[in-house]
Structures are given as C-alpha cells and as structure tokens.
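Participant: Okay, handing you the structure first.
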C-alpha cells in the first residue's frame with residue numbers, strides 16, 4: 001500500500017530542519033556572552049567602532065593605515081608606518097602609536113622609529129614621545145606643545161637627544177620661541193643658557 005506524504009508537510013519539515021541546523025551553527029560559533037577565544041589571528045586591519053558605527057580605533061599594517069580622518073571623513077595622507085590610530089567621539093583622529101622602518105633601493109635605512117602621540121580635541125598634537133634613527137634623522141625625546149588652533153602647533157617643552165648627540169631640555173614661550181636651554185654635548189660639556197624673544201643669548205652658566 002502506498003503512503004502519500006503531503007508536499008506541504010515536506011516543505012514545513014525541511015524548513016524546520018534548516019532553521020535548527022542554522023541555529024546550531026550560529027550559537028556554536030558565537031557563545032551567549034558574545035566572546036570568542038583565539039590563539040592567533042592574522043589580519044591586515046582591525047576597525048574598532050561604537051554601536052552607532054563611529055570609528056574609535058584602527059590597528060593596521062602600512063598598506064591599510066588610513067589617511068587623516070576628521071568627523072568620519074578621510075583625506076589622503078601618506079604614512080610610511082604601521083600601528084594604531086585613535087579617534088574621539090566624533091570620529092576625528094586624536095592620537096596614535098605608530099612604528100616604521102625600511103630600506104630604500106640604495107640600502108639606506110629610512111622612516112625607522114616610532115611615535116606615541118596625543119592630540120587636543122579638535123586640534124593638533126599636544127604630547128609626543130618619539131624615537132627616530134635613520135638616514136635623515138637621529139633623535140629621541142618628549143615634546144609638549146600648545147595647539148591654540150587646528151593647524152597651529154607651538155612647541156613648549158623638549159626633553160631629549162638631538163642629531164649631534166647633545167642631550168637637552170628646552171623651554172619655549174607661548175609663541176614657541178626658545179627661552180631656556182639646558183644641555184650636555186656629546187663631549188660632556190654642560191651649559192645653561194637664557195635667551196630673549198629674538199633668540200639672542202642674554203645669560204649663560206657657567207659664564208663665558
């Protein structure tokens with residue numbers, strides 16, 4: 001005797017099995033607490049965003065590192081490094097941790113170094129810790145800046161080592177003019193200098 005199965009029953013049955021399978025796969029991949037453990041992950045770029053999609057951090061290789069992003073809009077900017085870029089609540093860049101290092105076709109080391117920077121909200125950098133040692137620059141130190149407007153940085157403090165090996169502390173006025181300079185040269189000679197607003201030395205210790 002033939003058993004006749006209603007086609008509608010088959011459709012409903014197939015649908016239920018499909019949903020059950022999909023649910024098993026989804027809940028198996030994503031636990032209830034929305035956390036997943038990895039031993040290792042290999043990526044070119046990771047974007048960290050808020051629930052509304054606002055970009056807050058990018059971790060990227062050199063090729064995928066973004067240009068300058070202000071209020072979610074990007075404009076091209078060549079960065080020879082890889083690293084992390086941070087963004088504020090409106091999606092504008094406000095600091096980063098970047099590293100670079102490569103050789104050109106002449107075998108010269110270029111763009112070798114790193115920088116950790118913090119920006120004023122809606123303006124440029126106010127703190128930067130950097131170290132560079134390549135064919136063009138050799139310096140390492142801490143810079144503190146004023147940033148009264150979006151495109152105007154004025155260095156106020158420098159603590160570090162310059163290209164010539166001199167270790168120095170420089171204090172600048174609100175216009176970025178050097179007013180006090182304490183340094184020890186590569187040969188060990190120490191000095192303390194006071195300068196006027198035109199950069200002229202008006203006093204030294206030891207006295208010359």
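What follows draws every value from the coordinates through simple rules; no lab data is involved. Keep in mind that what you see is a predicted model, and the values were worked out from it rather than measured. Virtual Cβ from ideal backbone geometry, glycine too; neighbours counted across all protein chains shown.
Participant: List every residue pair whose Cβ atoms lie under 6 Å apart, where the two residues are 6 or more positions apart in sequence or sit on different chains, the first residue falls within region 63-81 and is on the phi > 0 side of the Ramachandran plot and free of Cβ contacts under 8 Å to residues at least 40 places away in the same chain, and the second residue, located anywhere, is assigned to a strand (DSSP E or B) and surrounded by 13 or more Cβ atoms within 10 Å (Cβ to Cβ).
Facilitator: none
Participant: Now for a separate question. I'd like to verify a number: residues in region 82-99 that are closer than 16 Å to residue 67 by Cβ and either in contact (Cβ under 8 Å) with a residue 40 or more places away in the chain or part of a strand (DSSP E or B) (or both), how many?
Facilitator: Within region 82-99, residues that are closer than 16 Å to residue 67 by Cβ and either in contact (Cβ under 8 Å) with a residue 40 or more places away in the chain or part of a strand (DSSP E or B) (or both) number 11.
Participant: Given the options 122, 113, 91, name the one that is surrounded by fewer than 16 Cβ atoms within 10 Å (Cβ to Cβ) and either in contact with a helix residue (DSSP H, G or I) (Cβ under 7 Å, 6 or more places away or on another chain) or on the phi > 0 side of the Ramachandran plot (or both).
Facilitator: 122
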